[in-house]
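Asker: I have a structure I would like to understand better, so I am pasting it below and will then ask my questions one at a time.
The values are calculated or read from the model by the stated rules, or taken from the named source; none is laboratory data. Everything quoted here is computed from the prediction, not taken from an experiment. A quick note on method: Cβ atoms are made from the backbone with ideal geometry, for glycine too, and the neighbour counts reach across all protein chains shown. Note: areas computed on protein heavy atoms with side chains; ligands, DNA, RNA excluded. Shrake-Rupley method; radii C 1.70, N 1.55, O 1.52, S 1.80 Å.
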Amino acid sequence: RYALFAPGLRDTAPESANPYRVHDRCVERFRLGRVLLAGDAAHLINPVGGLGLTGGILDAVPLGEALTAVIRGDCGDGVLDAWAFERRRVFLEVTAPMAKENRRRISERDPDAAARLATYHNHSTRERFAALAEAEVRSEK
């Protein structure tokens, strides 16, 4: 089994193993008073596809902007509630479903089925993002 990713380990046996248990979790609130949670403190996701790292960065950048605006007095702290709501929504509606689909695709043993899943997933992801973008444009009018 190790020969697939480390040919030099072909005849090596592990001394111990701690299987990773795949799970997705998200806190109920990203903000509670003066406490703000972002990245892995707010949500955990399977590592397939790097969505955990990406999600953490996408949490941190707008949080930094919101905190800066509050500290400068440009906005009230309600902007932090808006940030918390939106980041949790994006995790639950976009990131977590994408990560689950990634995990499902890589566990598929039939290459043809995996290709069909990838094609379907890419198409449905484009449709979801188009609908989100359309809704955002409508809300700005």
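Asker: Please identify the GluC sites (Glu not before Pro) of the range 1-106 that satisfy two criteria: DSSP loop assignment and at most 16 other Cβ atoms within 10 Å. Which are they?
Answerer: Taking the range 1-106 and a limit of 16 other Cβ atoms within 10 Å, the loop GluC sites (Glu not before Pro) found are GLU15, GLU28.
Asker: Right, something else. Three principal axis extents, largest first, for the C-alpha atoms of the range 55-113, in Å?
Answerer: Dimensions of the range 55-113 along the principal axes of its Cα atoms: 57, 16, 11 Å.
Asker: Then there is this: What do you reckon, how do ARG109, ARG31 stack up by accessible area (1.4 Å probe), largest on top?
Answerer: ARG109, ARG31
Asker: Okay, moving on. Note down the net charge around ILE71, summing +1 for each Lys or Arg and -1 for each Asp or Glu among other residues with Cβ under 14 Å from its Cβ.
Answerer: -1
Asker: Using a cut-off of 10 Å between beta-carbons, work out the net charge of the residues near LEU44 (Lys and Arg +1, Asp and Glu -1, LEU44 not included).
Answerer: Once all neighbours under 10 Å are counted, the net charge is -1.
Asker: Can you send over the solvent-accessible area of ARG103, 1.4 Å probe, protein chains only, in Å² to the nearest 10?
Answerer: Surface open to solvent at ARG103 totals about 70 Å².
Asker: Taking the range 1-81, which chymotrypsin sites (Phe, Trp or Tyr not before Pro) meet the DSSP loop condition and have no more than 14 other C-beta atoms within 10 Å?
Answerer: PHE5, TYR20
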